[in-house]
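Q: Just dropping this structure here.
The values are calculated or read from the model by the stated rules, or taken from the named source; none is laboratory data. As the structure is a computational prediction, the values presented were derived from the model and not from experiment. SASA here: full protein model, heavy atoms, side chains in, ligands and nucleic acids out. Shrake-Rupley method; radii C 1.70, N 1.55, O 1.52, S 1.80 Å.
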Amino acid sequence: IYKIMMTGRTVSVGNILWKVLKQPIVQDLKYEDAAEYAIEYLRLIGAALSFEDKVTRIKLNSYKAPLPPNIINIRGIAYSNCECDGGVAMRYASNIYHTDINGCEPGGQEYTYITQNNVLTTSMKDGWVNVSYSAISTDDFGYPLIPDNESFKVGLEYYIIHRTLEGLWSMGKITDKVFQYYEQKRHYYSAQATNSMTIKNMDQMETMFNALNRMIVDVNPHQTFYKNFGVKEIIKRH
């Protein structure tokens, strides 16, 4: 799937964003904009994030439960009426109305689910589900991890700076010389990064970036690097 120079080491996207935000040349850059530019760059380069298989237990509330924001694909789901491991395997619903079929079929009950907009809806109103899934690897603050590739990291920094300076340059607030310097750096390192790491599976890439958008875009900058940087749960959803 991947054509990539891998060392096994990873680096947090959050660390790269933090480094860029400290640059004097982009002192007015907002975190939300930096995160948007980071996603643009990941899409353009087709860079591979790091993945891991995980299992999480989620409590149902009126048939529904939120799925993890870093989920790429579901490997399996089991239902239990208690907060415990294991349970009864569920299947994806074939009934287009997805009604509660508990006890309505000959031979006993069957547990089903559907997913939409990162929300799990099941045929059971209450209880717990154990979700086995593939996820984007994250650091302790919830930011995605990427392979530790020097060209990619530097390319991302210059891409964000260059995208930020475009507006200033168009308004005549920075000189052509300064703008062209960062433009050249962006293209040089982006070309190197493109040659060293590329995702070949487009379907997987689209799913990955949908998850990435949920993780790092819809945040308040005062609740990320600046105000609550030491707090583990720094990503807020609206």
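Q: Counting only heavy atoms of protein chains, what accessible area per residue, in Å², does the range 140-180 have with a probe of 1.4 Å?
A: Working: 1880 Å² over 41 residues.
About 46 Å² of surface per residue is accessible.
Q: Take the solvent-accessible surface of the protein heavy atoms, probe 1.4 Å, and return the percent of it on the range 14-89 that carbon and sulfur atoms account for. List each step's numbers first, then the result.
A: Numbers: 1830 of 3990 Å².
The nonpolar share, carbon plus sulfur, comes to 46 percent.
Q: Sticking with this structure for a sec: How much length is gained if the chain between LYS173 and GLU52 is pulled fully straight, taking 0.36 nm per residue apart and subtracting their Cα-Cα distance, in nm to one decimal? Spell out each step's value before the answer.
A: Numbers: separation 121, 0.36 × 121 = 43.56 nm, distance 4.47 nm.
Length gained, LYS173 through GLU52: 39.1 nm.
Q: With the cut-off at 19 Å, tell me which of the pairs LYS22/LYS153; LYS19/LYS153; LYS64/LYS125; LYS19/LYS173; LYS54/LYS153; LYS19/LYS185 have Cα atoms farther apart than that. Please report the intermediate quantities before stating the final value.
A: Numbers: LYS22/LYS153 15 Å; LYS19/LYS153 11 Å; LYS64/LYS125 8 Å; LYS19/LYS173 23 Å; LYS54/LYS153 27 Å; LYS19/LYS185 16 Å.
Where the Cα-Cα span goes over 19 Å, the pairs concerned are LYS19/LYS173; LYS54/LYS153.
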